[in-house]
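Asks: I have a structure I would like to understand better, so I am pasting it below and will then ask my questions one at a time.
The values are calculated or read from the model by the stated rules, or taken from the named source; none is laboratory data. Because the structure is a prediction, the values reported are computed rather than measured. Here the Cβ is made from the backbone with ideal geometry for all residues, glycine too, and neighbour counts use every protein chain on show.
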Amino acid sequence: MKFVPIVLLAVMAGASLGAAVPGAAGNGKNVAVVFASRYGSTEQTARWIAEGIGEGATVVAAASAGDLGGYDRVVLGSGIYGNRLHADMAALLERHGPAVKDRIAALFVVCGMPPDQAGGYLDMFAGACGAKPLLSRVFNGWMKKETLSPEDYRGLENYFRNAGYPFESYDHTDREKCVAFGREIRVALEGK
Ligand SMILES: Cc1cc2nc3c(=O)[nH]c(=O)nc-3n(C[C@H](O)[C@H](O)[C@H](O)COP(=O)(O)O)c2cc1C
């Protein structure tokens, strides 16, 4: 019995937006998990979050996302570099922010700073979106010295030297936390 209204909602959502119904989530939503990532950990985080959202979630690179017109809801995620969003996410918001902002379900950032000290990045992100999402979260990513561009290598080497920390590769990604956030998003969308 529970499935009847859910299916109807999915059909209505598809009809009203002209969106493709195939691929709609169990809650009737097509959700794009959009990432902007320089070295891959934000993309990996987006994939784990999509796994938690489950059926109907599609992972999309910000650089090729367009105005995301085919999606009922969007989750936006960006790596942080020099205290700023990835340029592809900033460009997406610049170009398509007004079209997307009312469909933003959640925001996340992936950074090196401990999450309890990085709330300012989420505020900055929400400010750039002009929207207050249902949910937002800070995740830690990875930094692999051998993958850095020469410019990023020099920048980080200087940063760590000045901060008095060793300049060492790390991987602080946490699949479970990302999947759990995806599940939270799914539950939040069920009520919407
Ligand atoms: C050039 C550069 C600058 C960075 N600046 C910051 C920063 O300002 N604050 C921060 O918390 N992390 C910073 N980080 C760490 C990254 O946010 C972190 O490694 C993140 O996981 C990168 O995501 P990605 O793998 O998707 O590129 C920086 C990393 C690089 C390479």
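Asks: Tell me which residues, restricted to the range 104-134, are crowded, with 16+ Cβ neighbours inside 10 Å and within 10 Å of the ligand (Cβ to nearest atom).
Replies: The answer is VAL109, VAL110, CYS111, GLY112, PRO115, ALA118, TYR121.
Asks: Taking the residues in the range 50-67 that are buried (at least 18 other Cβ atoms within 10 Å of the Cβ) and modelled with pLDDT under 95 as candidates, determine which candidate is nearest to ARG186 (Cα to Cα).
Replies: GLY56
Asks: Somewhere in the range 71-82, is a residue more than 19 Å from LEU134 (Cβ to Cβ), out of contact with any helix residue (DSSP H, G or I) (no Cβ under 6 Å at 6 or more places or on another chain) and within 16 Å of the ligand (Cβ to nearest atom)?
Replies: yes
Asks: For the subset of the range 135-173 comprising residues that are surrounded by 14 or more Cβ atoms within 10 Å (Cβ to Cβ) and charged (D, E, K, R), which member is nearest to the ligand (Cβ to nearest atom)?
Replies: Looking at residues that are surrounded by 14 or more Cβ atoms within 10 Å (Cβ to Cβ) and charged (D, E, K, R), I get ASP152.
Asks: Sticking with this structure for a sec: Within the set of pairs 6+ apart or on separate chains, which have a first residue in the range 46-73 that is in contact (Cβ under 8 Å) with a residue 24 or more places away in the chain, a second that is among the basic types (Lys, Arg) and part of a loop (DSSP other than H, G, I, E, B), and C-beta atoms under 9 Å apart?
Replies: Once the first residue is in contact (Cβ under 8 Å) with a residue 24 or more places away in the chain and sits in the range 46-73, its partners that are among the basic types (Lys, Arg) and part of a loop (DSSP other than H, G, I, E, B) give ILE53/LYS29; GLY56/LYS29; ALA57/LYS29; TYR71/LYS29; ASP72/LYS29; ARG73/LYS29; ARG73/LYS192.
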